[in-house]
1. In square nanometres and to one decimal, what's the mean projected area of the convex hull around the Cα atoms of region 146-218?
2. So who's got an amide H within less than 5 Å of the one on residue 167, skipping anything under 5 residues away but keeping other chains? H placed 1.01 Å off N, in plane.
3. Using modelled backbone amide H atoms (1.01 Å from N, in-plane), which distant-in-sequence or interchain residues come within less than 5 Å of residue 190's amide H?
4. Can you work out ³J(HN,Hα) from phi for every residue in region 46-52, in order, using Karplus 6.51 cos²θ - 1.76 cosθ + 1.60 and θ = phi - 60°, giving whole Hz and x for Gly and Pro?
5. Within 10 Å of each candidate Cβ there may be at most 15 other Cβ atoms; applying that plus a DSSP loop requirement, which GluC sites (Glu not before Pro) in region 168-275 survive?
6. Computed FRET efficiency, Cβ-Cβ of residue 194 and residue 138, R0 22 Å: what is it to the nearest 0.05?
7. Give the Rg/Rh ratio for the chain, taking Rg as the radius of gyration of the Cα atoms and Rh as the Kirkwood radius, to two decimals.
8. Taking 30 Å as the cut-off for C-alpha to C-alpha distance, list the pairs among 247/276; 9/70; 74/131; 296/372; 146/226 that go past it.
Amino acid sequence: MYICCMLFKEITGQYELKQQLIQTVKDKRISHAQLFVGTEGSGNLALAIAYAQYISCQNKQDDDSCGCCKSCIKFQKLVHPDLHFAFPVNTTSKVKKDATSDHFITEWRKLIIDFPYFSEFMWYEYIGIEKQGHIDKSDAEIIQQKMNFKPFEADYKFMIMWLPERMNTTAANKLLKLIEEPPENTLFLLVSKNIDQIIKTILSRTQLIRVPPVDEESMQKMLAAKYDLSPNETQVLTRLSAGDVLKAIKIYSRHETEQDFLDNFKSMMRFAYEYKFVELLDWAEEMAQLGREQQKSFLYFSQQMIRDNFIMNLKMQNIVYATEKEKDFFLKFSQFITPQNIESIYSAVNLALSHIEHNGNQKIIFSDLAIKLTQLIRKA
Ligand SMILES: [Zn+2]
C-alpha cells in the first residue's frame with residue numbers, strides 16, 4: 001500500500017479518533033503537547049502526522065486535508081519546513097559518534113512514505129543499528145534550537161517525537177520547560193507504544209490521546225485490498241491481529257515467505273512416517289547446505305507447524321491462521337501430532353535448534369532429528 005499523502009482517509013480505521021482530532025482544529029482548542037499512545041500497528045504515528053498535515057492544510061475539508069495545497073504537497077514528502085521529527089537512534093557503521101535524528105532523516109522519511117506502520121525493531125534494522133536507540137542530550141539541544149524559530153510557512157510548527165520512552169533523563173530535563181511552555185504556535189506531538197516507560201515529568205505535561213486497536217471491519221477491508229485472501233482467511237487474520245495492522249501483516253508475510261519451509265517440513269514428516277531412511281538422509285544433507293540463520297528459521301517454523309497441527313488435532317482450528325495450501329496439509333497431518341507425542345517432538349526440534357545455535361555439525365543435527373522423528377511420529 002502506497003500512501004501518497006498523509007491523509008486521514010488513508011489510515012486504517014480509527015474513525016472516531018480522526019473525528020475528535022479534526023474537531024480540536026475546528027474548535028481552535030489544539031493542546032500544545034499531545035501524547036498519542038497505542039500499539040505499533042495502531043496507526044499512532046500516521047495519525048500524528050495526518051493531524052499535523054490537517055492543521056497546516058490551507059484548504060481544509062470537513063473531514064480531511066485537501067491533499068493538494070502547497071502545504072499538503074510538502075507534507076507528502078515530509079519536507080515541510082515546519083515539520084520536525086525526533087526518534088531513537090544510535091551509532092552505525094556510517095555515523096560513528098554523536099548520532100542524532102538529523103543523521104537519519106532521509107531514511108526516516110523514506111520508511112514512513114513507503115508505509116507508515118513499522119516497529120521499533122524494523123526501524124533499527126532499516127538504519128543498521130544493532131543496539132537499542134535513544135533520544136539523548138544532543139537531540140534535545142537540536143529540538144530546542146528548532147522550536148525556538150518562528151514557523152516558516154505554516155501557522156504552527158510541529159515536533160513529532162516517536163518513542164519518547166527512549167528519551168534519557170538528561171534529554172528529558174532539557175525539554176521539560178519547552179514542552180510545558182512552548183513558544184507560540186508550537187506543537188509537540190509525542191507518539192508512544194509504552195506509556196509506562198515515559199519519564200513521569202514529561203508524561204504529566206502532555207495531553208493523553210489513546211489510540212485504540214483498529215476495528216475489525218476496517219482491518220478486514222485493509223487486508224482484502226492488500227492481499228488476495230479468501231473471506232475466511234481474512235476473518236481469521238483479522239481476529240489474530242487484535243486490531244494491530246503490523247501484526248496482521250507479520251502473520252500474513254510469515255506464511256507467504258515460508259512456502260519452501262512448508263515443503264521441507266512436509267518431506268521431513270512424510271519420509272519419517274514412511275521409514276524412508278535414504279530419503280531422510282538426503283533431506284538432512286540438503287538442509288545442511290542452508291545458512292545457519294535459514295536453518296534456525298526453518299526450525300522455528302517447524303515448531304509453529306507442530307503447535308498449529310496439535311491445535312488442529314484438538315479441533316480448535318479457528319485459532320490457527322493457515323493459507324489454503326497449509327490447510328490441506330493440516331487436515332491430513334494433524335492426526336499425527338497428539339497429546340502423546342507433542343512434547344517429545346517439540347523437544348527434539350528444540351534440541352536441534354539449540355545445537356544449530358551452538359554451531360554444531362549441521363548434517364548430524366538434521367539427520368539426528370529426522371531419525372528421532374521416525375519413532376516419535378508413530379507414537380500418535
Ligand atoms: Zn491541503
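1. Working: hull surface 25.2 nm².
Over every viewing direction, the Cα hull of region 146-218 projects on average to 6.3 nm².
2. Hits under the 5 Å cutoff: 135.
3. Excluding prolines and chain starts, which carry no amide H, the hits are 34, 35, 36, 161.
4. Each residue's phi maps through the Karplus curve to give 4, 5, 4, 5, 4, 5, 4 Hz.
5. Sites meeting the loop and neighbour criteria: 184, 274.
6. My answer for the efficiency is 0.40.
7. Over the Cα atoms of the chain, Rg/Rh equals 1.07.
8. On the way: 247/276 39 Å; 9/70 19 Å; 74/131 33 Å; 296/372 18 Å; 146/226 38 Å.
Beyond 30 Å between Cα atoms: 247/276; 74/131; 146/226.
No value in this document is a laboratory result; all are computed from the given coordinates. Everything numeric in this text was worked out from a predicted model, so none of it was measured. Backbone-built Cβ (ideal geometry, glycine too); neighbour counts: all protein chains shown.
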